[in-house]
Structure formats: structure tokens, C-alpha cells
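One structure is given below, encoded as C-alpha cells.
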Amino acid sequence: LDGNGRVGRLLIALQLAAEGLLREPLLYLSLHFKAHRQTYYELLNGVRLSGEWETWLEFFADAVVASATQAATSARRLLELASADGRRIEGLGRAAASALAIHRVMQRRPIATAASLAAATGLTPATVNKSLAHLERIGIVGEVTNRQRGRVFSYLKYVEELAAELEAPN
């Protein structure tokens, strides 16, 4: 209904990045605030009604620590997954080099089309499609549109891990 809270939380991450406390504005505080919604609103009202900044700032600092810890844990899991999948891809033999190139791009963009992968890797569309077929066969990627043209592929477990982060309670 209003975007003030969302905009404010985005501005917090941007401010922390601008001050050099974060390399990039990747801190996602909203999940912590949503998980502790009642306390969040009570403390905001305390600031608004009676100037109780200290309690709010302590809650906010706890949210930063919890969110950063969750992000670090998720990053480690994503790195471990990508490393394990890279070793599996190396077992593809001659097809491994192209499949690894696709894998590297999909770590940055875990949902992609064959055309966007061809553009990002410099591989031919035929090579990209063969590599995607290999990656699909070994369970690393999956085609999500069920179409013949304009197909979209997902780095399955990577996307699952990212989604789990958004559902995990702090």
C-alpha cells in the first residue's frame, strides 16, 4: 500500500555501501524485520511516540548481524554447491570446457536463456544448446518454460538455495 518502509530499507543498504561498510548494497534486512514484525512495529512506534532510539538501534544492529550472518552462510553454501557442480562437470570429458563456461555464467545469472548464455560466453548457439543438454542430463540445470523456442534454463539447486534464504527465519 505504501513503499516507505521498503524504500527506507533499501536506502539503509545503499548508505552502508556509500560509507564503505559494505562493498555492495547486498544486505537484506527486510526478511529479519518481517520475521520480527511485531517487535519492529512496536519499536518504530516507540521512536515515533517517545523518542526511544536506543532500543530501536539495538534491534536494528541485531538485524544487521543476523542478516549478514545469513548472507555469509548462504554465500558459503552457494560456493560449495558451485564447486561440487564444477567437479561433476569436469567429468563430462570433451564437453566440459563449454559446460563450465555456461556454469560460470549461471552462477551470476542462475536463470537464463540459451541466447543470453551464448552472448555472455561467446559460444555458438549450437554449442550452448549441447552444453545445456549435458548440464540438464546431469541434473545441474533444468528447462523451466517447456517450450521449443525462447526456452529459459535454471541453475536448479542454486535457485533453490537463493529461495531458501528468503524463507529462512533469522
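The values are calculated or read from the model by the stated rules, or taken from the named source; none is laboratory data. Worth saying up front: this structure is predicted, and the values here are computed from it rather than measured. When we count neighbours, we look across all protein chains shown, and the Cβ atoms used for this are built from the backbone with ideal geometry, even at glycine. Heavy atoms of the whole protein, side chains included, go into the accessibility calculation; ligands, DNA and RNA do not. Shrake-Rupley method; radii C 1.70, N 1.55, O 1.52, S 1.80 Å.
So that you can scan it fast, the table gives a plain yes or no per residue for (1) modelled with pLDDT of 85 or more; (2) closer than 25 Å to TYR155 by Cα:
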| site | (1), (2) |
| --- | --- |
| ARG6 | no, no |
| LYS34 | yes, no |
| ARG48 | yes, no |
| ARG77 | yes, yes |
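Cβ-Cβ under 6 Å, sequence separation 6+ or interchain: first residue in the stretch 125-137 and closer than 14 Å to ARG151 by Cβ and of a type outside the set (S, T, N, Q), partner assigned to a helix (DSSP H, G or I) and open to solvent by less than 80 Å² (accessible area, probe 1.4 Å). Which pairs?
Between residues of the stretch 125-137 that are closer than 14 Å to ARG151 by Cβ and of a type outside the set (S, T, N, Q) and residues that are assigned to a helix (DSSP H, G or I) and open to solvent by less than 80 Å² (accessible area, probe 1.4 Å), the close pairs are PRO125/ALA118; VAL128/ALA114; VAL128/LEU117; VAL128/ALA118; LEU135/ALA99.
So, GLY150, is that one at positive phi, touching a Ser or Thr at 6+ places or on another chain (Cβ under 8 Å) and among the small types (Gly, Ala, Ser) or not?
On the way: at positive phi: yes; touching a Ser or Thr at 6+ places or on another chain (Cβ under 8 Å): yes; among the small types (Gly, Ala, Ser): yes.
Judged against the criteria, GLY150 is a match.
Please give the strands (runs of 3 or more DSSP E) falling wholly within the stretch 111-170 in which 1 or more residues are surrounded by 13 or more Cβ atoms within 10 Å (Cβ to Cβ) and touching a Pro at 6+ places or on another chain (Cβ under 8 Å).
Numbers: elements: 111-113, 141-143, 152-155.
Counting at least 1 such residues, we get 152-155.
Could you figure out which of (1) touching a helix residue (DSSP H, G or I) at 6+ places or on another chain (Cβ under 8 Å); (2) of a type outside the set (Asp, Glu); (3) closer than 30 Å to ALA63 by Cβ isn't true of VAL105?
(3)
Determine the pairs where a residue that is β-branched (Val, Ile, Thr), located within the stretch 9-26, has a partner that is assigned to a loop (DSSP other than H, G, I, E, B) with Cβ atoms under 9 Å apart, the partner being 6 or more residues away or on another chain.
ILE12/PRO25; ILE12/LEU27; ILE12/LEU29
Since GLU143 meets every condition but one in (1) out of contact with any Leu (no Cβ under 7 Å at 6 or more places or on another chain); (2) under 24 Å from ALA75 (Cβ atoms), which condition does it not meet?
(2)
Conditions first: (1) more than 30 Å from ARG6 (Cβ to Cβ); (2) at pLDDT below 95; (3) more than 27 Å from the chain's Cα centre (by Cα). ARG151 passes all but one, so which condition is the exception?
Tallying (1) more than 30 Å from ARG6 (Cβ to Cβ); (2) at pLDDT below 95; (3) more than 27 Å from the chain's Cα centre (by Cα), ARG151 fails exactly one: (3).
Show me the helices (runs of 4 or more DSSP H) entirely contained within the stretch 1-97 in which 2 or more residues are open to solvent by 50 Å² or more (accessible area, probe 1.4 Å), charged (D, E, K, R) and under 30 Å from ILE138 (Cβ atoms).
Working: elements: 4-18, 30-35, 37-50, 53-90.
Fully inside the stretch 1-97 and qualifying: 53-90.
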